[in-house]
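Written out below as C-alpha cells is the structure these notes cover.
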Amino acid sequence: MGGYNTTTEILSFHKRALIVPRIKPRTEQWIRASRLAEMGITDCLHPDNLTPEALSRWMQAQKPQLDARDTLRFDGLERMVREVGCIIGETPV
C-alpha cells in the first residue's frame, strides 16, 4: 500500500521497495507512489498490473534505487518555521 505513514516508514529503511498503491476512492496514493518511482527512490506498480509474474520480475530485478535522504528534503518543520517567519516579518529563533 502507498499510504503516507507506510510510505514514510518504507523510506526510513533505506531498502529497495515496491509500492502498489490504492487508486480508489482517491488517487493520492498513486500520485505519491508514481512520483517517488519517477524520482528513482522506490518502484511503483499500478494495482491493475499486480500479478504473480509482475511481483516475480520485480523481485528478480537488480535495479538500484536512490536513498531518499539523498534526494528528498526532510527538514519540513524547520523550513515551515522559517517560511512563516518571513511571511509575518519576524526572524525565527
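The values are calculated or read from the model by the stated rules, or taken from the named source; none is laboratory data. As the structure is a prediction and not an experimental result, all values here were calculated from the model. Cβ sites come from the backbone with ideal geometry, for glycine too, and all protein chains shown count toward neighbours.
Results, tabulated for the structure shown:
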{"read-out": "Residue within the stretch 21-40 that is part of a helix (DSSP H, G or I), among the polar types (S, T, N, Q) and at pLDDT 95 or above present", "value": "yes"}
{"read-out": "Residue in the stretch 40-83 that is surrounded by the fewest Cβ atoms within 10 Å (Cβ to Cβ), counting only those that are polar (S, T, N, Q) and free of Cβ contacts under 8 Å to residues at least 40 places away in the same chain", "value": "Gln62"}
{"read-out": "Verdict on Glu90 being farther than 15 Å from Arg16 by Cα, among the acidic types (Asp, Glu), surrounded by fewer than 12 Cβ atoms within 10 Å (Cβ to Cβ) and at pLDDT 85 or above", "value": "no"}
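Residue-wise test of (1) under 9 Å from the mean Cα position of the chain (by Cα); (2) closer than 21 Å to Leu55 by Cβ; (3) buried (at least 19 other Cβ atoms within 10 Å of the Cβ).
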residue	(1), (2), (3)
Met1	no, yes, no
Tyr4	yes, no, no
Phe13	no, yes, no
Arg16	no, yes, no
Arg22	no, yes, no
Arg26	no, no, no
Ile31	no, no, no
Ser34	yes, yes, no
Glu38	no, yes, no
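One line per residue, one yes/no per condition, for (1) polar (S, T, N, Q); (2) out of contact with any Gly (no Cβ under 8 Å at 6 or more places or on another chain):
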residue: Met1; (1), (2): no, yes
residue: Val20; (1), (2): no, no
residue: Ser34; (1), (2): yes, yes
residue: Leu66; (1), (2): no, no
residue: Thr71; (1), (2): yes, no
residue: Phe74; (1), (2): no, yes
residue: Met80; (1), (2): no, yes
